[in-house]
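What follows is a single structure, written as structure tokens, with notes after it.
The values are calculated or read from the model by the stated rules, or taken from the named source; none is laboratory data. It should be emphasised that the depicted structure is a prediction, and the values quoted were computed from it without experimental measurement. Reconstructed Cβ throughout: ideal geometry from the backbone, glycine too, with neighbour counts over all protein chains shown. Areas reflect the complete protein model, heavy atoms only, side chains present, ligands, DNA and RNA absent. Shrake-Rupley method; radii C 1.70, N 1.55, O 1.52, S 1.80 Å.
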Amino acid sequence: MDLDGGFNVFYGLNGQGKSNLFEAIYLLSIAKSSRVSNDKFLINNKIFQSGGHSQILGIAEEKNHNIKAQIDYDISINKDLDKAYRINGVIVSMQEFVGNISSVFFDTDDISIISGAPLIRRKYLNILLSQINNDHVKNLQRFQKVLYQRNSLLKNIKDGKSTESEIEFWDDRLAEESSSIFFERNNILNKIKENSKEFALDFNNHISLDIKYIPKIGRGVDSKFFNDNPSLKDIKDKFQNSLKKNHLRDIEQRTTNLGPHRDDFEIIFNGTPASITASRGQARIIALSLKLSEAKEIKELLNRNPILILDDIFSELDEVMREKVVKKIINFDQILLTTADLSLVDKKNIMDSNYFSIKEGEVTQD
């Protein structure tokens, strides 16, 4: 499907066609599915059962520069799955693949960023940072490997198979890998905080928004430490000291209690936690403000316009708010917008749009 710049509006009762399209864009952006944890569930069942080849391919054009991104899946008759990433036909690693095509996706489930578990907010940060910094993917992978080794050692110490002195090496390794993640998360949250404040106020001048980073770095390290923009070395030293003080607890519980894997951030709405006081409508506006802030950061940091994907954004919004949203998103070059009710789209405010009908899983252009 060839999608021009500007608005592309998808409407209809059946969402399968749009889901497949948006999932493909998501995969080409961050190399992971938004819906499933195992790639085998992305493959047509007939191909998966008998073996064969499947491919996701997209071509992005901007400023006379083309990027052809593709993911190839080869399935053997034994149901083994091999995956390869290619940019402009050249095989690359996953780290090199992520971020070549940038996209920001918003749907109704994104209000869980406000009220859901910390894991959801960490995922939000990881996706954003992975798109703007290839090294972030590598940092996360190295961190996970070190964390696994340290946790294995903690279990051995608890079982009497190793000594506590052995943990110092992994403290140093974990502090090294964690400090860059803490540092990047703090920096991006400071930027998102300022942008989302502006977006939220423009949508509703009764919404005062703030974001508080809650790093799991140890007792006595409060938010002021990160507000002062600490260096990587300062963060590493603080975290390393905290790990040492926490040895006994970690050994007793057989797990590492401090680190980026326990990070969180809190969204403050009019001076109180948004998870407690924001209504569903207000949470929707807050989540949209965060996503538009994400898109703005990608645009400014990479000098590249991300694809803005807005799934059913107009439901539950009144006409005034819908008009405000359109004025904000019109500045992005590529917008994919879906609605179950086409009457919610004011065609006078959205000029030169392409309209696609979705029916029984098929997408056709009007």
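Worth pointing out:
- Within region 222-281, considering residues that are acidic (D, E) and part of a helix (DSSP H, G or I), the one least open to solvent (accessible area, probe 1.4 Å): D250
- Residue that is of a type outside the set (A, V, I, L, M, F, W, C), touching a Lys or Arg at 6+ places or on another chain (Cβ under 6 Å) and open to solvent by 50 Å² or more (accessible area, probe 1.4 Å), where the choices are N78, N88: N88
- Among the residues listed as L128, L153, the single one being more than 30 Å from D311 (Cβ to Cβ), open to solvent by less than 50 Å² (accessible area, probe 1.4 Å) and modelled with pLDDT of 90 or more: L153
- Qualifying residues in region 341-355 (those that are more than 27 Å from G99 (Cβ to Cβ) and at pLDDT 80 or above) - the one most open to solvent (accessible area, probe 1.4 Å): S343
- Residues that are under 24 Å from G99 (Cβ atoms) and charged (D, E, K, R), drawn from region 64-86: K68, D72, D82, K83, R86
- Candidate set from region 158-183 (those that are crowded, with 19+ Cβ neighbours inside 10 Å and touching a residue at least 60 places away in the same chain (Cβ under 8 Å)); member that is nearest to L232 (Cα to Cα): S179
- Number of residues in region 303-336 that are in contact with a helix residue (DSSP H, G or I) (Cβ under 8 Å, 6 or more places away or on another chain) and either open to solvent by less than 20 Å² (accessible area, probe 1.4 Å) or in a loop (DSSP other than H, G, I, E, B) (or both): the value is 17.
- Any pair with Cβ under 9 angstrom, 6 or more apart, that starts in region 91-112 at a residue that is closer than 20 Å to Q334 by Cα and among the charged types (D, E, K, R) and ends at one that is assigned to a loop (DSSP other than H, G, I, E, B) and open to solvent by less than 40 Å² (accessible area, probe 1.4 Å): D107/I313
- Any hit, region 201-211, residues being in a helix (DSSP H, G or I) and either at pLDDT below 90 or among the hydroxyl-bearing types (S, T, Y) (or both): no
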